[in-house]
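The values are calculated or read from the model by the stated rules, or taken from the named source; none is laboratory data. Not measured: the values here are computed from a predicted model. All Cβ positions, even for glycine, are placed from backbone atoms using ideal geometry, and neighbour counts span all protein chains on display.
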Ligand SMILES: [Zn+2]
């Protein structure tokens with residue numbers, strides 16, 4: 001099967017130019033101007049006049065079917081990757097979970113079982129480590145060899161995912177030997193839990209207080225601490241879902257002194273704020289950790305994206321229904337399942353707020369949602385690039401079409417949208433995953449099980465810093 005995408009503007013992280021893309025099977029076979037005129041034939045031609053052709057977007061932070069707080073994140077690998085495809089995202093990297101007392105192997109096997117035969121687009125895994133001990137440290141080396149080179153640890157959630165400084169430092173030392181990467185959820189969980197308990201004792205139980213309890217300085221402190229530990233271990237570190245300017249300052253300072261410190265933020269921290277968490281229990285729709293911040297943090301994060309102190313925008317997609325799941329926290333914000341839906345809307349929100357909003361170029365947009373994550377997470381140039389031989393993960397993107405985000409129209413399996421009623425400019429028209437059209441003009445044309453496991457390499461972090 002040969003598909004010719006003709007007459008579009010190819011937009012990559014490096015530059016933009018008018019050109020055609022020939023797809024042969026699952027790969028990009030040829031690039032050039034007017035390929036049909038040069039005698040190239042294809043089974044199907046997609047006219048991309050007036051459209052961008054971009055590498056399929058990559059979301060390196062999702063939680064399909066994550067167990068949390070007595071329930072499960074609602075999207076499965078099928079529904080979640082299908083929604084991702086509608087939004088122009090053709091690869092996800094999800095977090096497999098090692099539960100306390102079991103092995104990394106068992107956790108990884110469980111996630112392979114959830115995804116295999118179900119995913120609509122390609123997927124990789126990071127590994128959440130709940131225990132750091134001699135056995136799990138040895139297992140890390142094997143996972144790196146199996147294409148799962150990243151390990152996430154938490155300074156938050158005492159008693160569940162929390163690791164102390166000794167555990168974090170030991171895991172970092174191990175990546176110094178095996179070439180992997182430590183990803184950190186950096187908030188001072190023990191201190192947050194004290195503040196949260198005081199608030200509940202004072203009768204302040206609404207979701208808003210979830211946001212109040214998790215001070216920005218608790219994120220800044222933990223971010224600085226884990227970066228310093230990584231510097232001591234002489235390894236790279238990646239801060240997930242950075243939300244506060246206090247934490248951004250810690251990353252910027254580290255990068256300025258030459259550290260291999262990397263960070264992502266998420267659309268919710270760029271477009272939503274603590275104000276959304278008011279309005280009584282409605283605020284539960286916006287409960288995630290770190291929490292939404294006051295609006296002045298948003299401006300700092302946009303600047304961080306412009307100046308490359310932040311290298312990636314991912315979603316932390318982790319949807320819970322408002323009715324039936326978020327309800328668990330009525331009367332105590334500490335019991336609201338933490339997480340928001342977002343995998344479908346990231347690419348368009350960033351196009352609208354970033355490119356249309358005049359904050360950065362269309363090339364930087366592609367870098368933040370596709371090429372940057374591909375490089376940092378060992379998928380480049382197979383993913384995140386439009387080059388001959390790369391996987392034909394491609395999006396024909398209309399930069400002028402506007403759409404209104406709503407729970408009724410979205411494809412995520414969740415009963416609300418954080419962006420209900422927001423109009424965004426920019427939308428995916430045709431989405432290809434390894435050469436197959438999976439979405440065309442609002443219709444799903446893919447198939448369950450098409451998605452394959454992406455065996456990733458450890459990246460050369462020193463070169464990327
Ligand atoms: Zn997460």
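Tell me, please, whether a residue that is in contact with a helix residue (DSSP H, G or I) (Cβ under 6 Å, 6 or more places away or on another chain) and within 16 Å of the ligand (Cβ to nearest atom) can be found in region 226-234. Scanning region 226-234, I find no residue that is in contact with a helix residue (DSSP H, G or I) (Cβ under 6 Å, 6 or more places away or on another chain) and within 16 Å of the ligand (Cβ to nearest atom), so the answer is no. When 238, 269 are screened for being within 15 Å of the ligand (Cβ to nearest atom), in a helix (DSSP H, G or I) and either within 30 Å of residue 333 (Cα to Cα) or touching a residue at least 40 places away in the same chain (Cβ under 8 Å) (or both), only 269 passes.
When region 301-324 is limited to residues that are crowded, with 17+ Cβ neighbours inside 10 Å and not in a loop (DSSP other than H, G, I, E, B), the one that is nearest to the ligand (Cβ to nearest atom) turns out to be 317. A single entry from 389, 384 fulfils the requirement of being crowded, with 24+ Cβ neighbours inside 10 Å and not in a helix (DSSP H, G or I): 384.
Here 351, 410 are screened, and the one residue that is under 30 Å from residue 45 (Cα atoms), under 20 Å from the mean Cα position of the chain (by Cα), part of a loop (DSSP other than H, G, I, E, B) and at pLDDT 95 or above is 410. Whether any residue in region 284-292 is in contact (Cβ under 8 Å) with a residue 40 or more places away in the chain, surrounded by fewer than 21 Cβ atoms within 10 Å (Cβ to Cβ) and away from the ligand (no atom under 16 Å from the Cβ) is what I want to check. The answer is no, given that none of the residues of region 284-292 is in contact (Cβ under 8 Å) with a residue 40 or more places away in the chain, surrounded by fewer than 21 Cβ atoms within 10 Å (Cβ to Cβ) and away from the ligand (no atom under 16 Å from the Cβ). For region 64-73, a tally of residues being more than 11 Å from the ligand (Cβ to nearest atom) and within 17 Å of the chain's Cα centre (by Cα) returns 2. Number of residues in region 114-129 that are surrounded by fewer than 24 Cβ atoms within 10 Å (Cβ to Cβ) and either at pLDDT below 95 or in a helix (DSSP H, G or I) (or both): the value is 1. Residues in region 413-465 that are within 28 Å of residue 126 (Cα to Cα), modelled with pLDDT of 95 or more and not in a loop (DSSP other than H, G, I, E, B): 428, 431, 432, 433, 436, 437, 438, 439, 444, 453. If the condition is being assigned to a helix (DSSP H, G or I), away from the ligand (no atom under 16 Å from the Cβ) and surrounded by fewer than 24 Cβ atoms within 10 Å (Cβ to Cβ), then region 87-113 contributes 105, 106, 108, 109, 110, 112, 113. Note on region 318-348: residues that are in contact with a helix residue (DSSP H, G or I) (Cβ under 7 Å, 6 or more places away or on another chain) and closer than 17 Å to residue 242 by Cβ total 3.
Being more than 16 Å from the chain's Cα centre (by Cα), within 16 Å of the ligand (Cβ to nearest atom) and free of Cβ contacts under 8 Å to residues at least 40 places away in the same chain is the filter here; which residues of region 114-136 pass it? If the condition is that a residue be more than 16 Å from the chain's Cα centre (by Cα), within 16 Å of the ligand (Cβ to nearest atom) and free of Cβ contacts under 8 Å to residues at least 40 places away in the same chain, then 130 is the only one that fits. The condition of being within 16 Å of the ligand (Cβ to nearest atom), buried (at least 24 other Cβ atoms within 10 Å of the Cβ) and outside any helix (DSSP H, G or I) holds for residue 187. Annotation note: of 357, 342, 329, the sole residue that is more than 16 Å from the ligand (Cβ to nearest atom) and touching a residue at least 12 places away in the same chain (Cβ under 8 Å) is 329. Looking only at region 243-260, residues that are surrounded by fewer than 24 Cβ atoms within 10 Å (Cβ to Cβ), closer than 13 Å to residue 303 by Cα and touching a helix residue (DSSP H, G or I) at 6+ places or on another chain (Cβ under 6 Å) come to 1 in all.
Selection within region 46-63: residues that are within 16 Å of the chain's Cα centre (by Cα) and outside any strand (DSSP E or B). The member of this set that is nearest to the ligand (Cβ to nearest atom) is 63. Taking the criterion of being part of a loop (DSSP other than H, G, I, E, B) and closer than 22 Å to residue 218 by Cα, the residues of region 150-184 that qualify are 155, 156, 157, 158, 159, 160, 161, 163, 164. Listed conditions (1) touching a residue at least 40 places away in the same chain (Cβ under 8 Å); (2) within 30 Å of residue 160 (Cα to Cα) are all met by residue 52, apart from (2). Cβ-Cβ below 6 Å, separation at least six or inter-chain, first residue in region 66-80 and under 28 Å from residue 450 (Cβ atoms), second at pLDDT 95 or above and in a helix (DSSP H, G or I): which pairs? Pairs that qualify, where the first residue is under 28 Å from residue 450 (Cβ atoms) and the partner is at pLDDT 95 or above and in a helix (DSSP H, G or I), are 77/114; 77/115.
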